[in-house]
Amino acid sequence: MTKKEKRFAEVYSEGSLTVTKILVDKQTGVNYLFHASGYAGGLTPLLKADGTPVVTPVPRYEE
């Protein structure tokens, strides 16, 4: 990954004043849930029912 590439990909977004987004870390594949309302916001790993993180497969890049 070069310096100009963004590490996180936004895969889902809804809302304008109250915003909910799902972001995927392109290096690890871990999904994160971001929620903001007004001046407050929070970020947490997105978890499956068994408590493990949701991981999206990421392609392996040759270095």
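The values are calculated or read from the model by the stated rules, or taken from the named source; none is laboratory data. Keep in mind that this is a model prediction, so the values were computed, not measured. Ideal geometry is used to build each Cβ from the backbone, glycine not excepted, and the neighbour counts take in all protein chains shown.
Things to note:
- Pairs linking a residue in region 5-20 that is farther than 13 Å from PHE34 by Cβ to a residue that is part of a loop (DSSP other than H, G, I, E, B) and among the hydrophobic types (A, V, I, L, M, F, W, C), with Cβ atoms under 8 Å and 6 or more positions apart or on different chains, are ARG7/MET1.
- Exclusive hit being among the small types (Gly, Ala, Ser) and modelled with pLDDT of 95 or more, set ALA9, ALA40: ALA40
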